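Following: one structure in structure tokens, then a few remarks.
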Amino acid sequence: MDETSVTQSILTMFEGVKTATAIFRLNVGISGETYRTLFGTQSPRLGPEGVVDTGHDFITLDQLTPHPVFAPQSWVCVLNPSEATFQTLQALRAEAFALAIKRHSIVRPGDPS
């Protein structure tokens, strides 16, 4: 499934959602261990609709859920997080930052020093 199809599938999920404000999603890439602690086993691939079948409602606002597309890579998200929810995500955001630093500081063979 290409990016356009995935985007269309996600937009289809939001059909009929009435909101006076814009919807935005905070995405956080966490460790597999943390993901499994929060949500259990990760779904290995996208379902037929272009989203991961985790049993979660991906249009619920202000609730931590697996990312609808990148859950297999241990991504989680929140739609329109409230200030309180944002604060509870501090530990996950710190973990994501530490993982990003670790990933980008690895020297690979052939990389210039």
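The values are calculated or read from the model by the stated rules, or taken from the named source; none is laboratory data. Predicted model, so just to flag it, every value in this text is computed and none were measured. We place every Cβ from the backbone using ideal geometry, glycine too, and count neighbours over all the protein chains shown.
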**Request:** Go through (1) of a type outside the set (Phe, Trp, Tyr); (2) modelled with pLDDT of 95 or more; (3) loosely packed, with under 15 Cβ neighbours inside 10 Å; (4) closer than 23 Å to Leu99 by Cα one by one and return the number of the condition Thr88 breaks.
**Result:** (2)
**Item:** Subset of region 32-50 that is under 14 Å from the mean Cα position of the chain (by Cα) and hydroxyl-bearing (Ser, Thr, Tyr) - its residue that is nearest to Pro68 (Cα to Cα)
**Value:** Ser43
**Pair list, Cβ under 8 Å, 6 or more apart: region 13-33 residue assigned to a loop (DSSP other than H, G, I, E, B), other residue of a type in the set (Gly, Ala, Ser) and at pLDDT 65 or above** = Ile30/Ser74; Ile30/Ala96; Ser31/Ser74
**Prompt:** If you take the residues of region 46-64 that are among the β-branched types (Val, Ile, Thr) and surrounded by fewer than 18 Cβ atoms within 10 Å (Cβ to Cβ), which of them is farthest from Thr85 (Cα to Cα)?
**Reply:** Ile59
